[in-house]
Amino acid sequence: MNGFSAYFGRQRPAATDPQLAPPAAPFVPPSPPSPLGPLGVVATPPPAQVPVAEPEVAEVEAGDRLGPTGRPLPHLPIPPPLDKHGPAKVIALCNQKGGVGKTTTTISLGAALAELGRRVLLVDFDPQGSLSVGLGFNPHEIGLSVYNLLLERDVVLEDVICKTNIAGMDLAPSNIDLSAAEVQLVQEVAREQALSRVLAPAIADYDVVLIDCQPSLGLLTINALTAADGVIVPLECEYFALRGVALLKDTIEKVGERLNPRLEILGLLGTMFDGRTLHSREVLKTLVDGWGDDVFHTVIRRTVKFSDSTVAGEPITTYAPASPGAQAYRQLALEVLARCHAA
Ligand code: ADP
Ligand code: MG
């Protein structure tokens, strides 16, 4: 695919490897302290609360030889700092299914790449505007958006870009206006290349451009795939998540053949993984059996911290910097950079 195996020089173990399924330590939620004493009267509060580790803290395979995908974790070097920026690698976050972690991955991966000194541009390419909201922007207060950029010839990228609270990470925001673009673009010349054309000035200034796609395979998504060098496919670790992947692969291949020969699948990312359930582990195993090294070694576990950070309007890397979710996206950033350089 992209020289990744050559880069790490590792083979994935046979599918029958018994170590593929890590032993599940059942998580027993701590029972809340009862306000009533043994005699049914209000008791004095217990002396000291013993802190209870969140399940995912216990689940981290730090030091384990095999990662959650059942393959040996590769050594992921911290890339050296950059003395100049660009040319940018353009990556589309794409899956026609909604609620699989596209937007969360765009924000968190972008912030993790910015921590590594990369200049990152996030492009909100979903009319729902969740990426913009997730970074604390009010969709009604956005001035010029990606919609204006696509359809008004006197609007340039610079007019649309907003700074985020994360140093080195900018946003091209969107709101519901973008839904009209899908219809209006149909009449344009080179309608599939519209995004690629307007993003061209960003290539020299940024190191990574992440495009958060809408949950469909319509014209906007085709535009994102035409503008991209690579695609990351976030997939919820649920059985039904696997069903749409073949269709998505077909679309990516068609765009690759007809519109954008640079395009490649950078990786499939398991999200909302729950290592305590056999179901989640089986889905991940099926994914690795079918897609091999296309599946990222990094797996994002299910945790409410992601929803909390969305409400707070900031990435998990700053909202809960030491949390396993933040660490996982930092690892993903290293893996993405390794795959980009090995391509
Ligand atoms: P998409 O962009 O594919 O529609 P989102 O990134 O918006 O998906 O995620 C859908 C919902 O799931 C959001 O509420 C988000 O906070 C939540 N979420 C995303 N990733 C995780 C995760 N790893 N664990 C738990 N909740 C998550
Ligand atoms: Mg989204």
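The values are calculated or read from the model by the stated rules, or taken from the named source; none is laboratory data. Worth saying up front: this structure is predicted, and the values here are computed from it rather than measured. As a convention, Cβ positions derive from the backbone with ideal geometry for all residues, glycine included, and neighbour counts pool all protein chains shown.
Taking the stated definitions as given, is ALA172 of a type in the set (Gly, Ala, Ser), within 16 Å of ligand 2 (Cβ to nearest atom) and over 21 Å from LEU269 (Cβ atoms)?
Yes: the conditions hold for ALA172.
I want to confirm something. Restricting to region 114-159 and keeping residues that are within 16 Å of ligand 1 (Cβ to nearest atom) and surrounded by fewer than 24 Cβ atoms within 10 Å (Cβ to Cβ), which single residue is modelled with the lowest pLDDT?
Taking the candidates together, the pick is PRO139.
Looking at (1) within 21 Å of the chain's Cα centre (by Cα); (2) within 15 Å of PRO127 (Cβ to Cβ); (3) away from ligand 2 (no atom under 16 Å from the Cβ), can you tell me which one GLN214 breaks?
Failed condition: (3).
Name the pairs: first residue in region 52-79 and over 16 Å from LEU269 (Cα atoms), second residue of a type in the set (D, E, K, R) and modelled with pLDDT under 50, Cβ to Cβ under 8 Å, at least 6 apart or on different chains?
Once the first residue is over 16 Å from LEU269 (Cα atoms) and sits in region 52-79, its partners that are of a type in the set (D, E, K, R) and modelled with pLDDT under 50 give PRO72/ARG10.
Take the conditions more than 12 Å from ligand 1 (Cβ to nearest atom), more than 30 Å from GLN187 (Cα to Cα) and surrounded by 22 or more Cβ atoms within 10 Å (Cβ to Cβ) and apply them to GLY292. Does it pass?
When the stated conditions are applied, GLY292 does not pass them.
Considering only residues of region 311-338 that are assigned to a loop (DSSP other than H, G, I, E, B) and of a type in the set (A, V, I, L, M), which is farthest from ligand 1 (Cβ to nearest atom)?
That would be ALA322.
Output the number of the condition that PRO201 fails; it satisfies all remaining conditions of (1) farther than 15 Å from ALA172 by Cα; (2) surrounded by fewer than 16 Cβ atoms within 10 Å (Cβ to Cβ).
The single condition PRO201 does not satisfy is (1).
May I ask you to list the residues in region 85-106 that are touching a Leu at 6+ places or on another chain (Cβ under 9 Å) and farther than 17 Å from ASP207 by Cβ?
CYS94, ASN95, GLN96, LYS97, VAL100, GLY101, LYS102, THR103, THR105
Which condition breaks for ARG197 when tested against (1) closer than 23 Å to ILE265 by Cβ; (2) at pLDDT 95 or above?
(1)
Any residue at all in region 73-81 that is farther than 17 Å from ALA202 by Cα, surrounded by fewer than 21 Cβ atoms within 10 Å (Cβ to Cβ) and within 16 Å of ligand 1 (Cβ to nearest atom)?
No: zero hits.
So, in region 212-263, of the ones that are more than 16 Å from ligand 1 (Cβ to nearest atom) and part of a loop (DSSP other than H, G, I, E, B), which residue ends up surrounded by the fewest Cβ atoms within 10 Å (Cβ to Cβ)?
Across region 212-263, the extreme among qualifying residues is PRO261.
Which one is farthest from ASP170 (Cα to Cα), of the residues in region 120-144 that are without any contact (Cβ under 8 Å) to a residue 60 or more places away in the chain and either more than 16 Å from ligand 2 (Cβ to nearest atom) or among the aliphatic types (A, V, I, L, M) (or both)?
Per the stated criteria, the residue is HIS140.
Checking VAL155 against (1) more than 16 Å from ligand 2 (Cβ to nearest atom); (2) touching a Lys or Arg at 6+ places or on another chain (Cβ under 6 Å), which single condition isn't satisfied?
(2)
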